[in-house]
Amino acid sequence: MTAPTPNDTSSDHKVSNFLRQIIQNDLDKGTYASRRWAGSPGDAAHHAAGEPDPAKIRTRFPPEPNGYLHVGHAKSICINFGLAKEYGGVCHLRFDDTNPEKEDTEYVNSIIDAVKWLGFDWAQLGQTAGSAAPYQASDYFDFMYRAAEALIEAGHAYVDEQSAEDMRANRGDFGKPGVDSPFRTRTVAENLARFREMRDGKLADGAAVLRAKIDMASPNINLRDPAIYRIRRATHHHTGDTWCIYPMYTFAHPIEDALEQITHSICTLEFEDQRPFYDWLMERLCECKLLAAPSPKQYEFARLNLTYVITSKRKLAQLVNEGKVSGWDDPRMPTIVGLRRRGYTPESLRLFADRIGVTKSDSWIDYSTLEGCLREDLENKAHRGMAVLDPVKLVLTNWAEAFGSDGYTEACTQPALPHSAIAEGQTPPADRTFLIGKEVWIEREDFEEVPPKGYKRLFPGNVVRLKGGYVIECTGCARDAAGNVTEVHAKVIPGTKSGTPGADSVKAKAAITWVAVADGVQAEVRLYDRLFAEAHPDAGGKDFLQSLNPDSLKVVTAYVEPSLAAAQPDQKFQFERFGYFVADRLDHVAGSKPVFNKVTGLKDKWAK
């Protein structure tokens with residue numbers, strides 16, 4: 001098989017997979033070279049720039065605007081838009097808006113925003129990227145209706161007026177063939193008349209459906225005369241009340257692909273059993289002269305199965321509706337808006353999609369893989385800073401003796417990024433500057449009056465370094481009436497400040513992070529963790545709510561160094577020692593305090 005020759009100028013090596021092999025083979029054979037636009041609906045809005053280059057591929061990402069996209073959709077976006085970009089083709093963002101009862105412009109806008117945020121856009125035949133609106137199934141409702149009438153006229157469809165219960169019972173199951181509907185033998189004239197009565201609102205919702213006439217004994221239940229139109233009196237967010245009948249998704253989707261001249265219709269494995277109907281419909285409409293060959297082809301890949309995550313729209317909605325999370329953009333949610341607010345970057349999600357690859361076999365990806373991609377992306381981007389999340393005051397009791405005044409403070413500097421993160425020729429960011437004085441905040445766990453074995457931080461008689469500052473020797477602590485440590489006491493060792501000639505004159509057994517009382521800034525820090533405590537929250541049909549992690553969110557009042565005080569919304573940092581944090585993009589200030597969300601730790605604490 002000829003190796004792919006993508007037009008993407010990235011130096012990253014693209015690993016071959018079955019989709020790339022299919023696409024390259026079609027390009028080599030010129031499978032779609034004869035295709036041309038044929039005045040399909042929506043041309044004026046989308047195709048004004050002329051005919052496409054037939055040598056290019058055409059993919060699509062077709063979400064239904066009935067909810068917020070999640071991490072599984074992110075994988076599909078990266079595949080469809082990514083392949084189109086690699087091979088110099090185009091990818092259509094198309095809304096499969098055939099179910100007016102569940103769809104809303106709120107979801108339309110959120111999907112557009114998510115696709116653009118991930119770094120993709122839809123190119124319309126040489127127009128400026130994004131200059132035309134996304135495609136919509138509802139643009140093709142007139143054509144779909146004509147296609148339905150054509151199927152009736154050719155004897156391939158009929159109006160069925162059985163009850164929903166009778167239709168379900170007569171459909172059969174995997175061990176029993178279906179039973180023909182008593183309406184299956186209606187004449188063409190009768191079916192046309194009844195279908196037009198459906199269209200004209202003369203029948204009640206649910207009173208009739210239009211079914212394709214295929215084979216009620218087929219081993220593939222999807223071919224047992226599937227419904228292709230139903231009656232729904234519902235206002236559509238795009239077409240209003242123009243229609244009271246709407247096409248079924250399985251009927252509409254292949255037509256949309258054909259009208260948009262899609263070459264490779266890529267979807268997840270749950271649609272594999274629908275492919276025979278996709279092909280049947282394309283063949284029938286070509287026979288009816290409504291479409292021209294070659295038709296699009298459907299290809300399926302394994303959906304994303306991610307441990308510790310639920311991607312069912314129904315269950316995600318349950319989490320929101322029952323108040324288990326704060327909303328669809330809660331940073332614990334696997335929605336794209338939630339991941340974005342958590343601090344995930346477009347680059348990390350694209351890297352994740354590339355790393356897990358494309359296969360036809362279902363498998364589970366551990367959540368740590370997603371977190372690892374984020375750490376990899378942020379390692380050389382996120383500016384460093386010190387924060388104290390569980391503060392206790394450290395008093396340097398000999399400060400006045402060493403420096404002449406209890407109120408004396410001194411500036412310390414540390415790099416915003418480690419030298420290893422600065423690319424050759426890149427200008428390094430300005431150093432962080434912060435004060436050190438008599439009193440500083442340290443982590444409560446950094447002091448033990450009676451240290452456990454191997455403990456190297458503060459305990460009476462031990463010497464440590466305040467990172468970026470001086471070496472100190474612990475002398476003890478003060479406690480309240482209940483025995484709780486209220487202050488840790490130590491002596492500063494002059495002449496040992498980091499970056500000075502005497503920095504190495506005293507050997508310290510450890511370095512601890514700290515924030516000076518003099519210029520430390522109080523902050524609200526939201527310590528997010530995985531939403532579920534079990535890798536497979538709904539395995540075996542169990543109640544997934546029972547797997548919720550009670551420690552998925554803890555809010556603390558912390559102290560951060562002054563360089564973090566003016567953090568901008570969505571700005572990422574590495575809190576030294578703790579991991580990666582982001583200034584909340586929606587409410588990055590609570591009162592006068594900056595707000596930070598924990599993105600992920602420096603390593604996987606869930607690893608066994």
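The values are calculated or read from the model by the stated rules, or taken from the named source; none is laboratory data. No experiment lies behind these values; they were computed from the predicted model shown. Glycine gets a Cβ as well: all are built from the backbone with ideal geometry, and neighbour counts include every protein chain shown.
Only one of the listed residues (S563, S547, S552, S498) is in contact (Cβ under 8 Å) with a residue 24 or more places away in the chain, more than 30 Å from N462 (Cβ to Cβ) and of a type in the set (S, T, N, Q). That residue is S552.
Determine which member of the set V159, V209, V179 is more than 21 Å from A252 (Cβ to Cβ) and at pLDDT 95 or above. Quick ask: steps written out before the conclusion?
On the way: V159 fails: more than 21 Å from A252 (Cβ to Cβ); V209 fails: more than 21 Å from A252 (Cβ to Cβ).
Just a single option satisfies the conditions, and that option is V179.
Kindly indicate which of E445, E473, E410, E379 is out of contact with any Leu (no Cβ under 6 Å at 6 or more places or on another chain), of a type outside the set (F, W, Y), surrounded by fewer than 20 Cβ atoms within 10 Å (Cβ to Cβ) and in the same structural domain as T600 (by TED's automatic domain parsing). Spell out the reasoning first.
Values: E445 fails: in the same structural domain as T600 (by TED's automatic domain parsing); E473 fails: in the same structural domain as T600 (by TED's automatic domain parsing); E410 fails: in the same structural domain as T600 (by TED's automatic domain parsing).
Of the residues listed, the single one that is out of contact with any Leu (no Cβ under 6 Å at 6 or more places or on another chain), of a type outside the set (F, W, Y), surrounded by fewer than 20 Cβ atoms within 10 Å (Cβ to Cβ) and in the same structural domain as T600 (by TED's automatic domain parsing) is E379.
Looking at the structure I just gave you, is G201 in contact with a Gly (Cβ under 8 Å, 6 or more places away or on another chain), outside any helix (DSSP H, G or I) and not aliphatic (A, V, I, L, M)? No; evaluated as a whole, the condition is false for this residue.
I'd like to know if segment 55-70 contains one or more residues that are modelled with pLDDT under 85, over 16 Å from the mean Cα position of the chain (by Cα) and not assigned by TED's automatic domain parsing to the domain that holds Q318. Yes, the conditions are met somewhere in segment 55-70.
Can you find, within segment 149-194, the residue that is farthest from D215 (Cα to Cα) among those that are part of a helix (DSSP H, G or I) and touching a strand residue (DSSP E or B) at 6+ places or on another chain (Cβ under 6 Å)? Write out each step before concluding.
Quick first cut of segment 149-194, residues part of a helix (DSSP H, G or I) only: 149-153, 164-170, 188-194.
Still in the list and also touching a strand residue (DSSP E or B) at 6+ places or on another chain (Cβ under 6 Å): 151, 191, 194.
On the way: L151: 15, N191: 18, R194: 22 Å.
The residue in question is R194.
If we keep just the residues of segment 417-429 that are within 33 Å of the chain's Cα centre (by Cα) and loosely packed, with under 12 Cβ neighbours inside 10 Å, which is farthest from R384 (Cα to Cα)?
E424
Of the residues making up segment 424-443, those that are in contact (Cβ under 8 Å) with a residue 12 or more places away in the chain and either over 17 Å from L466 (Cβ atoms) or of a type in the set (D, E) (or both) are P428, P429, A430, D431, E439, E443.
Just so you know, in segment 531-585 the residues that are surrounded by 20 or more Cβ atoms within 10 Å (Cβ to Cβ) and farther than 24 Å from V517 by Cβ include one that is farthest from the chain's Cα centre (by Cα), and it is G579. All conditions in (1) in a loop (DSSP other than H, G, I, E, B); (2) touching a residue at least 60 places away in the same chain (Cβ under 8 Å); (3) among the small types (G, A, S); (4) in the same structural domain as K603 (by TED's automatic domain parsing) hold for A558, with the sole exception of (1).
Applying the criterion of being at pLDDT below 95 and of a type in the set (D, E, K, R) to the residues of segment 356-378, the residue that is farthest from the chain's Cα centre (by Cα) is K360.
Quick grid of which residues meet (1) out of contact with any Lys or Arg (no Cβ under 7 Å at 6 or more places or on another chain); (2) surrounded by 13 or more Cβ atoms within 10 Å (Cβ to Cβ):
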{"site": "S163", "(1), (2)": "yes, no"}
{"site": "D166", "(1), (2)": "yes, yes"}
{"site": "F174", "(1), (2)": "yes, no"}
{"site": "P177", "(1), (2)": "yes, yes"}
{"site": "S181", "(1), (2)": "yes, yes"}
{"site": "V188", "(1), (2)": "yes, yes"}
{"site": "L203", "(1), (2)": "yes, yes"}
{"site": "A208", "(1), (2)": "no, yes"}
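Within segment 323-372, the set of residues being more than 23 Å from C267 (Cβ to Cβ), assigned to a loop (DSSP other than H, G, I, E, B) and in contact (Cβ under 8 Å) with a residue 12 or more places away in the chain comprises K324, V325, W328, D329, P331, R332, M333, G343, Y344, T345, D366.
Quick one: which of Q298, Q318 is more than 26 Å from D121 (Cβ to Cβ), modelled with pLDDT of 95 or more and of a type outside the set (D, E, K, R)? The unique qualifying residue is Q318. What is the one condition in (1) in a loop (DSSP other than H, G, I, E, B); (2) of a type in the set (V, I, T); (3) under 30 Å from R341 (Cβ atoms) that V515 does not satisfy? It is condition (1) that V515 fails. Scanning segment 285-315 for residues that are in contact (Cβ under 8 Å) with a residue 24 or more places away in the chain, under 30 Å from L19 (Cα atoms) and not in a loop (DSSP other than H, G, I, E, B) returns L285, E287, K297, Q298, Y299, E300, F301, N305, L306, K313. The single condition from (1) in contact with a Phe, Trp or Tyr (Cβ under 9 Å, 6 or more places away or on another chain); (2) free of Cβ contacts under 8 Å to residues at least 60 places away in the same chain; (3) within 27 Å of A565 (Cβ to Cβ) that C474 fails is (3).
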